[in-house]
């Protein structure tokens, strides 16, 4: 464990061990912080990411720095982070500071220019985001909200929205999520169990329908109605 403590110099193997330890420790830290910090980089997530990245970088580039202090500091920061997240769920003022409420950038087809400055974005950026959403005219937008994570939510006027089955009074089948039962020639037993099927049933079904071996299948999915869809290599 000499690589863990400060040294005058480290061998190549010791540098590798430091990198491996830091990598594994960061995985634990990310898991402790939760999925939120990965999927949404909000104010609190951005701050903690900058600090942790800066802390872990130093012992990975300076052999005279040990890793004990770094790991203790990071653990304390993660504890503070999780405490802040859970506290914000209880205290409204803290929640508004960490996750401020959304505010409109477009309302009834009119751009709120003052709110663009509040969001610190340009008119060109707003127009770029509308094009990404396949919106060709700002006046078609009933409401566009600037979200706390830095994204924009668009809502079109009703007359420009896509017609649904409910609008046409068409009764459709209930939603059924297709499950991946074969991927790259390997059967997913857990997914089969969710569908109340076993490997023997699947092999017989594939052989009788497609006359191929499981190893020849790139992807196979099946819904609750036992509708099987297969893609081959």
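Taking the range 140-233 as the region of interest, the strands (runs of 3 or more DSSP E) fully inside it that hold 1 or more residues being modelled with pLDDT of 90 or more and more than 30 Å from residue 112 (Cα to Cα) are 179-183, 217-222, 228-232.
The residues listed here are 39, 6; of these, the one that is more than 30 Å from residue 147 (Cα to Cα) and at pLDDT below 75 is 6. Among the residues of the range 104-123, is any surrounded by 15 or more Cβ atoms within 10 Å (Cβ to Cβ), touching a residue at least 40 places away in the same chain (Cβ under 8 Å) and out of contact with any strand residue (DSSP E or B) (no Cβ under 8 Å at 6 or more places or on another chain)? No, the range 104-123 has no match at all. Can residue 27 be described as assigned by TED's automatic domain parsing to the domain that holds residue 77, out of contact with any strand residue (DSSP E or B) (no Cβ under 8 Å at 6 or more places or on another chain), modelled with pLDDT under 70 and in a loop (DSSP other than H, G, I, E, B)? When the stated conditions are applied, residue 27 does not pass them.
The values are calculated or read from the model by the stated rules, or taken from the named source; none is laboratory data. Remember, it's a predicted structure, so these values are computed and weren't measured experimentally. Reconstructed Cβ throughout: ideal geometry from the backbone, glycine too, with neighbour counts over all protein chains shown.
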